[in-house]
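Rule-based calculations on the coordinates, nothing more; no lab input. Computed from a predicted model, the values in this text were never measured in an experiment. Note that each Cβ is placed from the backbone with ideal geometry, even for glycine, and that neighbours are counted across all protein chains shown.
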Amino acid sequence: MEYYSNRTIANKCSERAFFISPFTTLLLIFINTFALLCSDFVLYCYLLGISTVVLLIMKKESFLRLSLIFIGIFAFTYYVGKNFDPSGLLGSILTMMLMALKLYPIWILASVMTSYSSSALINTLRRMKLPNNLAIAVSIFFRFIPEYMNFLKEINEGAKVRGLRPSLKRPVKTLETYLVPLIFKAFQTGDTMAASLITKGIEYRCEKTSYRNVSLKTIDFVILALEFVGIAVMLWIR
Amino acid sequence: MKIRNIIITALLAVVGFVVSMVGGMFTKFFGAYGIFVHVSIGSLLCGPIFIAMCRKLKTRGTIFIYYAIMGIVYAIMGFIPMTAVMVIAGLIGEILIANVKNYEKNRRIGISYLVSELIYALHGFLLLLAFGTEGLAETFPNLFTLEKAQAIKTIFFDPKNMTVIVIVQIVASALGIMLGQYVYKKFFDRAIKKDGILQ
């Protein structure tokens, strides 16, 4: 069996041919937030395209799922907008769907954010001069969103086996079934993780380094250039 | 603040975020009345998380970090002005707790939660105050037309509507806290006693 040191494994992960730095993804989210608010259809498609490229590079396995969701939302808004009077409940759902469509490029990038390892995220946020505590908290948040979604599914499966189903007639019982295990899990994971991080010296006051290389590379510059130049050209033409 | 507490706060923020998302979906069933219960369902459901977090961690800064994380997540989802609202909610919540000993007092935690969630619930109103109708339409041209911004202003600046929003929010937060106390007593207090058998 081939032996890899920790550094080799880390470098294999972060220095593969197409690894987009978390800093680039965060910057794209920030730029897209403002660009989308004043975008027309062409600029929207362009930003969606760039987000999709980042998704294909970093989280290929989610491409099909996210594409299907997009198509579903688009089809719903198109069909309802054409055939129904959007008022009341339907209007409210339609507004929500339109907002989801509008912010979809950002949500794709947010999904990419969950694919980074905690150490890569912490390292990036530290380099952005975010306070250490907040950097740890934010990176843990992103790392554990998919984890807790899966855990919620597990709780649901467990409840089904025990014959428990969510019911509006017994809201407190339903809440106990689903919420309490999640809170317990948070405390349990927190204890384990804190022990692990303290052992690795996270609390030691010194300049922190990381095995994860999150510095900007050619691909980052290419993507950022495409983003900036695309937005500038489209705004100039308009 | 200890690293353990920061990690647990972040993880509870994940739980709160997931629960708020689920609660937010339900508000759509209220149709046009959804604006009155926009945050309320989330406040009701997140009460147990907040109580468990404050009672178990008992550390200054917990409430601020909880709301700040939510704010950062809003920013990443494309709602950057919400970050300021959430940071203010967290700061005021933290100030209202006042003392580290108050993290054990349900009433003080309740007041802190109630006020922070009220600020969160009034984010539309606060943003309207900050930007104005024209500013809102200019800053977010694709989300708000001038007419839509004015319609929102009409809703928020009508004393009756505002009273309903505030009352619904306060009732939901109070129920959330009561639910939180019930859940805490039933599940978490007992766990502490079991753990303490060797102490």
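Is there a simple number for the mean count of other chain Cβ atoms within 10 Å of the Cβ of residues in A:106-114, and what is it? Intermediate values should be presented prior to the final figure.
Numbers: counts 5, 3, 0, 3, 4, 0, 0, 1, 0.
Per residue, the number of nearby Cβ atoms from other chains is 2 on average.
Between residue A:18 and residue A:147, what is the label-to-label distance in nm when each label sits 7 Å out along the Cα-to-Cβ direction?
2.8 nm
With r as the distance between the Cβ atoms of residue A:229 and residue B:25 and R0 = 56 Å, compute the FRET efficiency 1/(1 + (r/R0)^6) and round to 0.05.
Efficiency at R0 = 56 Å is approximately 0.90.
Per DSSP helix of 4 or more residues, -39500 (n - 2.57); summed, then divided by the residues of chain A. What does that give at 222 nm, rounded to the nearest 500? Spell out each step's value before the answer.
Working: 10 runs with 178 residues, N = 238.
Taking each H run of at least 4 residues, the total per residue is -25500 deg cm²/dmol.
Divide by every residue of chain B the summed helix terms, -39500 (n - 2.57) for each DSSP H run of at least 4, and state the resulting mean residue ellipticity at 222 nm, rounded to the nearest 500 deg cm²/dmol. Display every interim value, and only then the final one.
Details: 9 runs with 151 residues, N = 199.
Dividing the helical sum by the residues of chain B leaves -25500 deg cm²/dmol.
For residue B:154 and residue A:222, FRET efficiency with R0 = 56 Å and r from the beta-carbon atoms, rounded to 0.05?
Details: r = 48 Å, r/R0 = 0.86.
So, using R0 = 56 Å, E works out to roughly 0.70.
Taking just the alpha carbons, could you work out the radius of gyration and Dmax for region A:127-196, both in angstroms?
That works out to 15.8, 50 Å for Rg and Dmax.
Which listed residue (B:85, B:166, A:166) has the Cα farthest towards the positive end of the charge dipole for the protein assembly as shown, taking +1 on Lys and Arg C-beta and -1 on Asp and Glu C-beta about the Cα centre?
Of the candidates, A:166 comes out farthest on the positive side.
For each pair in A:153/B:186; A:173/B:186; A:169/B:186, compute the distance between the two Cα atoms and list the pairs where it is over 18 Å. Display every interim value, and only then the final one.
On the way: A:153/B:186 24 Å; A:173/B:186 12 Å; A:169/B:186 20 Å.
Beyond 18 Å: A:153/B:186; A:169/B:186.
Take each complete run of DSSP H in chain A, measure how far its Cα atoms stretch along the helix's own axis, and keep only those covering 18 Å or more with mean Kyte-Doolittle hydropathy at least 0.0; list them. Don't jump to the answer; show the numbers that get you there.
Numbers: long enough: A:22-37 (23 Å, 1.94); A:41-58 (26 Å, 2.41); A:63-83 (30 Å, 1.20); A:88-102 (21 Å, 1.65); A:132-161 (43 Å, 0.39); A:171-199 (42 Å, 0.62); A:218-237 (28 Å, 2.20).
Membrane-span-like by this criterion, though nothing is claimed about a membrane: A:22-37, A:41-58, A:63-83, A:88-102, A:132-161, A:171-199, A:218-237.
With the dipole of chain B worked out from charges on the C-beta (+1 for Lys and Arg, -1 for Asp and Glu) around the Cα centre, which of B:187, B:121, B:76 lies farthest toward the positive end?
Result: B:187, furthest along the dipole toward the positive end.
Per-residue Cβ counts within 10 Å, from other chains only, averaged over B:12-22: what number is that? Please list the in-between numbers first.
Working: counts 5, 6, 15, 10, 3, 3, 8, 5, 0, 0, 2.
Mean partner-chain Cβ count within 10 Å for B:12-22: 5.
Mean-square fluctuation check for chain A, GNM, Cα pairs under 10 Å: which of A:42, A:222, A:172 is largest?
With Cα springs under 10 Å in chain A, the top fluctuation among A:42, A:222, A:172 is at A:172.
For residue A:213 paired with residue A:162, estimate the spin-label separation in nm (one decimal), with each label point 7 Å from Cα along the Cα-to-Cβ line.
Inter-label distance under the simple model: 4.9 nm.
Where in chain B are the helices, taken as whole DSSP H runs, whose Cα atoms extend 27 angstrom or more along the long axis and whose Kyte-Doolittle mean reaches at least -1.0? Working shown, then result.
Numbers: long enough: B:3-27 (36 Å, 1.93); B:159-183 (35 Å, 1.38).
Helices meeting the criterion: B:3-27, B:159-183.
Using Cα-Cα distances under 8 Å and only pairs 6 or more residues apart, what relative contact order does region B:3-188 have, in percent? Numbers along the way, then the final one.
Working: 229 pairs, mean separation 52.7, N = 186.
Normalised by residue count, the contact order of region B:3-188 is 28 percent.
When N is the residue count of chain B, what does its C-alpha Rg come to as a fraction of 2.2 N^0.38 Å?
1.09
Could you list A:48, B:44 in order of exposure, starting from the residue whose Cβ has the fewest other Cβ atoms within 10 Å? Could the numbers behind the result be given before it?
Working: A:48 18, B:44 26.
Starting with the residue having the fewest Cβ neighbours, the order is A:48, B:44.
Between residue A:128 and residue B:98, what FRET efficiency comes out of the Förster formula 1/(1 + (r/R0)^6) with R0 = 45 Å and r the beta carbon distance, rounded to 0.05?
Details: r = 32 Å, r/R0 = 0.72.
Taking R0 as 45 Å, the efficiency between residue B:98 and residue A:128 is 0.90.
When the distances between all Cα atoms of region A:39-149 are binned every 5 Å from zero, what whole-number percent does each bin get?
Taking every Cα pair in region A:39-149, the percentages come to 2, 11, 16, 17, 16, 14, 11, 7, 4, 2, 0.
Averaged over its residues, how many other protein chain Cβ atoms are within 10 Å of peptide A:171-183's Cβ atoms?
Numbers: counts 3, 4, 0, 0, 8, 6, 0, 4, 12, 6, 2, 9, 15.
For this peptide, the per-residue mean of nearby foreign Cβ atoms is 5.
Return the Cα extents of region B:3-102 along principal axes one, two and three, sorted largest first, each rounded to a whole Å.
43, 26, 23
Strictly greater than 27 Å: what percent of every Cα pair in the protein assembly as shown meets that?
Numbers: 54641 of 95266 pairs.
Roughly 57 percent, rounded to a whole number.
Could you give the size of the charge dipole of the protein assembly as shown about its Cα centre, using +1 on the Cβ of each K and R and -1 on the Cβ of each D and E, expressed in debye and rounded to the nearest 20? Mind showing how you got there, number by number?
Details: 45 positive and 23 negative charges, 319 e Å.
Value, rounded to 20: 1540 debye.
Might you report the magnitude of the Cβ-based charge dipole of region A:139-211 about its Cα centre, with Lys and Arg at +1 and Asp and Glu at -1, to the nearest 20 debye?
On the way: 12 positive and 7 negative charges, 83 e Å.
Roughly 400 debye, rounded to the nearest 20.
What's the long-distance tail for chain A, i.e. % of Cα pairs beyond 29 Å?
I get 46 percent for the Cα pairs in chain A exceeding 29 Å.
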